[in-house]
Structure formats: structure tokens, C-alpha cells
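Every number in this text was worked out from the coordinates using simple rules, so none of it is lab data. These numbers come from a predicted model, not from an experiment. Quick reminder, even Gly has a Cβ in these numbers, built from the backbone with ideal geometry, and neighbours come from all protein chains shown.
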Amino acid sequence: MNVKGNLEVIQSQIADTCWDVGRSPDEVKIIAVTKYVSPERAQEAINAGVIHLGENRDEGLLHKISQLQDKPVWHFIGSLQTRKVKNIIEYVTYIHSLDRLSLAKEINKRAHSRVKCLIQVNASGEESKHGLRPDDVTGFVQELEQYQNIEVSGLMTMAPYTEDEQVIRDCFRTMKKLQVEIQALQLENAPCTELSMGMSNDFRIAVEEGSTMVRIGTALVGNESEVQ
């Protein structure tokens, strides 16, 4: 698999989609999800021009950091246990899975400066997924004003894995509506400029609906076994 070739295809698809809906491709960050691949494959993505890398486990993140020649912008995209915050906090620029006050309190305690956090939202209502219910998001964001080291940079969700495009689109539209509501509050700690939504199977729909971060693993770097 040629990561550079995959990246060029994905960039072209994002550009075409953006032009179709009147957006600039520069508005969309591609996050290479490297959790299922080796540090060597992650390095190949960086060499191809990927700036943003995403990991969902602290062990995988720390292993790759120790092996990579470069320092990408790291995104922690998995469910984050409170006790694991101390392991990752100094290495990541974005945390995509803030979903409870206990986690916010720990991030605030461990961080030395303001951390860019995205609120994880269960926009589909699936029991198998983590995240806040859409109706609870605005109140949660307001509660976060007490934590000076947390910036609510945006929202994150995962759409259902389905071939029903309308179900996926409705999920993403819920997120866009929430973003607008939060921005209207004009909170100093919550610019909420980012929407992290869309993966290998649905990123084009996500971009059509306003995504600014797409998390792409299989279509970009594949899912080879992790080399430890």
C-alpha cells in the first residue's frame, strides 16, 4: 500500500467535495489514524505530508512517539480513562473524547497550559458508543468554564456504520447545529471552531455537512498489525 498515493486520492476527494458545497479544502484537516499500524507506517504518512496523527491508546501513542523521527500534531481520539491523562497530557495537542466533568478536572489539573479539547457526542444514540447526549452538550460546555486549562475547541462524533446515507447525514447535521448553538454563547473558553467527524467510509458526507477534521485510518494507512 502506497500511503502517499492514498493521501493524494483522499485530498482530491476532499477538495472536490469542498468545491461542491462552497468550502475551501484548507478548512479540513486530515488526521491519519495510526492505531492499527506500525511506527514505520506512521512515519511513511508523515513523509507523505500528513501533519496530524491520531491514536486511541496511551501505550500506542507513547510507543510511536519514541520511534518516530518527526513530531507530528498528536490527537488523542479514543475514550480516555481519567487515570491515563497523566501519561498523554504533555504529548497531545488535541483530545477528542472529553465527555465528563471528572475527566475535565483531571485534564485541568495535569495540564501546564490550555489544552484543546473536543466534546465527544453520541449523536446517533447508539448504546455501544461513548459520549454525551446532544441535549446535554451545551450545559456541559458551560460547566467547563471553571477549568482554565481547557479550551472547548470543538465537537467529535462517530456516525453509525450503515449504508443508509441519510442516517449518517442526520447525525452530522445534529453536530453542526450543536456547534452553532455553542458558538452563539460566545464563551471565552469555547470557540468551538472544530467538528471532528467522518472516517474512511463516510468522510465525504462529513465534509459536506461541515466537518473540519476527518479521522482516516484504513483508507490512508491501512490496518497492518502493530509492531511492538
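Using +1 at the Cβ of each Lys and Arg and -1 at the Cβ of each Asp and Glu in the range 3-221, identify which of Gln11, Phe203, Leu103 lies farthest towards the dipole's positive end.
The one lying farthest along the dipole's positive direction is Leu103.
Take the alpha-carbon centre of the range 161-228, take the same for the range 1-52, and report the distance between them in whole Å.
If you average the Cα positions of each part, the centres end up 14 Å apart.
Specify the longest stretch of the chain that does not include any exposed loop site, a site being one of the GluC sites (Glu not before Pro) with a non-H, G, I, E, B DSSP assignment and at most 11 other Cβ atoms within 10 Å.
The reported range is 1-89.
Residue by residue through the range 165-173, which ³J(HN,Hα) values in whole Hz follow from phi under the Karplus form 6.51 cos²θ - 1.76 cosθ + 1.60 (θ = phi - 60°), with glycine and proline marked x?
Each residue's phi maps through the Karplus curve to give 4, 5, 4, 5, 5, 4, 4, 5, 5 Hz.
Using θ = phi - 60° and the Karplus form 6.51 cos²θ - 1.76 cosθ + 1.60, what ³J(HN,Hα) does each residue of the range 34-47 get, whole Hz, x for Gly and Pro?
9, 5, 9, 10, 6, x, 5, 5, 4, 5, 4, 5, 4, 4
Check the straight Cα-Cα distances from Lys109 and name the lysines below 19 Å, setting aside those fewer than 8 residues away within the same chain.
Lys84, Lys86
Counting Lys and Arg as +1 and Asp and Glu as -1, each charge on the Cβ, what is the dipole of the range 1-126 about the Cα centre in debye, to the nearest 20?
Working: 17 positive and 15 negative charges, 152 e Å.
My answer is approximately 720 debye.
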